[in-house]
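The values are calculated or read from the model by the stated rules, or taken from the named source; none is laboratory data. Being a predicted model, the structure only gives us computed values, none of them experimental. We place every Cβ from the backbone using ideal geometry, glycine too, and count neighbours over all the protein chains shown. Just the protein is used for accessible areas: all its heavy atoms, side chains included, with ligands, DNA and RNA removed. Shrake-Rupley method; radii C 1.70, N 1.55, O 1.52, S 1.80 Å.
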Amino acid sequence: MPEATTAAWQDLWFHTGDRVVVEADGSLRFVDRIKDVIRRRGENISSVEVEDVLRAHPAVADVAVYAVDSELGEDEVMAAVVAKDAQDLNFEDLVEFCVPRLAAYAIPRFMVRLDALPLTENGKVRKPELRSRGTDGAWDRQPPRLRPTAPASASTERTPHA
């Protein structure tokens, strides 16, 4: 742990890892943890902002938003959602709820329903654990025909045309 503390001190400043904005009145507004910022298609996305929008949906009790690998590089946005009172959770409805409230690039591509979010001893969401699960079994809002595929391996063989 001393290495992490030493690394946090740079140029006589202690770097907390929080991203904040200085408001016009001089107050600070928390935006997100730097390590939780999602980079998608050249845009920085605050996981906290997306979580706040999803949490405002009447069927959502809790949510964690995090980055997962994209087939195109950078990140895709994924949400792990806990439903309120065992309600049915319709992911298409959640996307529609997000449309007027978030930029299109910030709306989660992948969603998964969980009974509970994995938490640390002090109640913080274990996002690394969620990331490690990947997207297997997750709902994908991108239609299969529009999903990017991994580039074909480079080959010198040519297929004859008919």
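For LEU130, state whether it is modelled with pLDDT of 80 or more, part of a loop (DSSP other than H, G, I, E, B), hydrophobic (A, V, I, L, M, F, W, C) and under 23 Å from ASP69 (Cα atoms).
Spelling it out, it is not the case that LEU130 is modelled with pLDDT of 80 or more, part of a loop (DSSP other than H, G, I, E, B), hydrophobic (A, V, I, L, M, F, W, C) and under 23 Å from ASP69 (Cα atoms).
How many of the residues making up region 112-138 are among the aliphatic types (A, V, I, L, M) and exposed (fewer than 14 other Cβ atoms within 10 Å of the Cβ)?
Residues meeting the conditions: 2.
Exactly one condition in (1) at pLDDT below 95; (2) surrounded by 16 or more Cβ atoms within 10 Å (Cβ to Cβ); (3) over 20 Å from ARG131 (Cα atoms); (4) in contact with an Asp or Glu (Cβ under 8 Å, 6 or more places away or on another chain) is not met by LEU102; state its number.
(1)
Read through the list (1) within 16 Å of VAL48 (Cβ to Cβ); (2) open to solvent by less than 70 Å² (accessible area, probe 1.4 Å); (3) of a type in the set (Lys, Arg), then give the number of the only condition that ARG109 fails.
Unmet for ARG109, out of (1) within 16 Å of VAL48 (Cβ to Cβ); (2) open to solvent by less than 70 Å² (accessible area, probe 1.4 Å); (3) of a type in the set (Lys, Arg): (1).
Return the total of residues in region 108-124 being within 17 Å of THR135 (Cβ to Cβ) and out of contact with any Leu (no Cβ under 9 Å at 6 or more places or on another chain).
Matching residues across region 108-124 total 2.
I need the full set of residues from region 70-89 which are open to solvent by less than 30 Å² (accessible area, probe 1.4 Å) and assigned to a strand (DSSP E or B), in order please.
Result: GLU76, VAL77, MET78, ALA79, ALA80, VAL81, VAL82, ALA83.
Taking region 90-114, which residues are of a type in the set (Gly, Ala, Ser) and assigned to a helix (DSSP H, G or I)?
Listed by number, the residues that qualify are ALA104, ALA106.
Here's a check for you: in region 40-57, which residue that is in a strand (DSSP E or B) and under 23 Å from ARG113 (Cα atoms) is modelled with the lowest pLDDT?
ARG40
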